[in-house]
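Below is one structure, written out as structure tokens, with a few remarks after it.
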Amino acid sequence: MSIGHTLLGLLESGPRHGYDLKRAFDEKFGHDRPLHYGQVYSTMSRLLKNGLVEVDGIEAGGGPERKRYAITDAGVTDVQQWLATPEKPEPYLQSTLYTKIVLALLTERDAADILDTQRSEHLRMMRILTDRKRRGDLADQLICDHALFHLEADLRWLELTAARLDKLREAVTTR
């Protein structure tokens with residue numbers, strides 16, 4: 001996820017302080033990975049340097065000065081271009097799990113056990129996500145659906161690989 005573009009998009013509704021941006025980000029997108037304050041302020045500094053935001057006001061208080069940021073026309077254009085650009089589909093052609101299976105076969109370890117352990121881990125995560133989906137709002141449900149569909153595809157791959165282990169062992173050990 002592009003944190004810079006996300007913060008810019010949040011600024012389209014009006015100027016905000018870094019603290020408010022972090023809170024809005026965490027509420028909408030950071031359920032599993034909240035932003036660190038340093039990440040917000042370093043990103044805002046970069047966006048300011050690149051002319052995508054401007055300081056809309058500075059408030060003095062008991063602590064450090066609080067800058068209020070506003071998106072510029074260039075920032076709005078940048079967000080629009082980012083939203084219109086499709087994300088590159090991830091083909092997962094260099095999977096760590098595939099590497100583990102092949103290495104297990106090459107070193108005469110139990111690849112089926114690795115697949116079973118991974119299957120158990122995927123099912124555990126799917127139960128957690130399903131529970132979270134049941135209790136969540138629409139945004140959380142959609143995020144969980146996305147993750148669940150990926151995990152289901154992984155499970156199909158695990159089953160297919162388990163069914164082909166003998167052929168894979170033959171293919172990787174006879175080269």
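Which one is least open to solvent (accessible area, probe 1.4 Å) among residues in the stretch 69-87 that are small (G, A, S) and out of contact with any strand residue (DSSP E or B) (no Cβ under 7 Å at 6 or more places or on another chain)?
The extreme case among them is A74.
Go through the stretch 35-48 and report how many residues are under 17 Å from the mean Cα position of the chain (by Cα), open to solvent by 30 Å² or more (accessible area, probe 1.4 Å) and touching a residue at least 12 places away in the same chain (Cβ under 8 Å).
The qualifying residues number 1.
For residues in the stretch 1-13 being open to solvent by 20 Å² or more (accessible area, probe 1.4 Å) and small (G, A, S), which is farthest from V76 (Cα to Cα)?
S2
Taking A112 as meeting all but one of (1) of a type in the set (A, V, I, L, M); (2) open to solvent by 70 Å² or more (accessible area, probe 1.4 Å); (3) assigned to a helix (DSSP H, G or I), write down the number of the exception.
(2)
For D145, are the conditions met, namely being under 20 Å from the mean Cα position of the chain (by Cα) and either in the same structural domain as R33 (by the TED database) or open to solvent by less than 40 Å² (accessible area, probe 1.4 Å) (or both)?
yes
For the stretch 20-28, indicate whether the set of residues that are assigned to a helix (DSSP H, G or I), buried (at least 18 other Cβ atoms within 10 Å of the Cβ) and acidic (D, E) is non-empty.
There is no residue in the stretch 20-28 that is assigned to a helix (DSSP H, G or I), buried (at least 18 other Cβ atoms within 10 Å of the Cβ) and acidic (D, E).
Checking G62 against (1) in contact (Cβ under 8 Å) with a residue 12 or more places away in the chain; (2) surrounded by fewer than 19 Cβ atoms within 10 Å (Cβ to Cβ), which test does it fail?
Evaluating G62 over (1) in contact (Cβ under 8 Å) with a residue 12 or more places away in the chain; (2) surrounded by fewer than 19 Cβ atoms within 10 Å (Cβ to Cβ) leaves (1) as the failure.
For the stretch 159-167, indicate whether the set of residues that are part of a helix (DSSP H, G or I), surrounded by fewer than 12 Cβ atoms within 10 Å (Cβ to Cβ), free of Cβ contacts under 8 Å to residues at least 24 places away in the same chain and hydrophobic (A, V, I, L, M, F, W, C) is non-empty.
yes
Of all residues in the stretch 80-102, how many are part of a loop (DSSP other than H, G, I, E, B) and small (G, A, S)?
Selection size over the stretch 80-102: 1.
For (1) touching a strand residue (DSSP E or B) at 6+ places or on another chain (Cβ under 7 Å); (2) assigned to a helix (DSSP H, G or I); (3) open to solvent by 70 Å² or more (accessible area, probe 1.4 Å), each residue gets a yes or a no:
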{"position": "K67", "(1), (2), (3)": "yes, no, yes"}
{"position": "A104", "(1), (2), (3)": "no, yes, no"}
{"position": "D116", "(1), (2), (3)": "no, yes, yes"}
{"position": "T130", "(1), (2), (3)": "no, yes, no"}
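Quick one: how many residues across the stretch 89-102 are among the hydrophobic types (A, V, I, L, M, F, W, C), under 23 Å from the mean Cα position of the chain (by Cα) and open to solvent by less than 100 Å² (accessible area, probe 1.4 Å)?
1
The values are calculated or read from the model by the stated rules, or taken from the named source; none is laboratory data. Since this is a predicted model, take the numbers as computed values, not measurements. Heads up, the Cβs are rebuilt from the backbone with ideal geometry, glycines too, and the neighbour counts pull from every protein chain shown. Side chains are part of the model used for accessible areas, which takes the heavy atoms of the whole protein and leaves out ligands, DNA and RNA. Shrake-Rupley method; radii C 1.70, N 1.55, O 1.52, S 1.80 Å.
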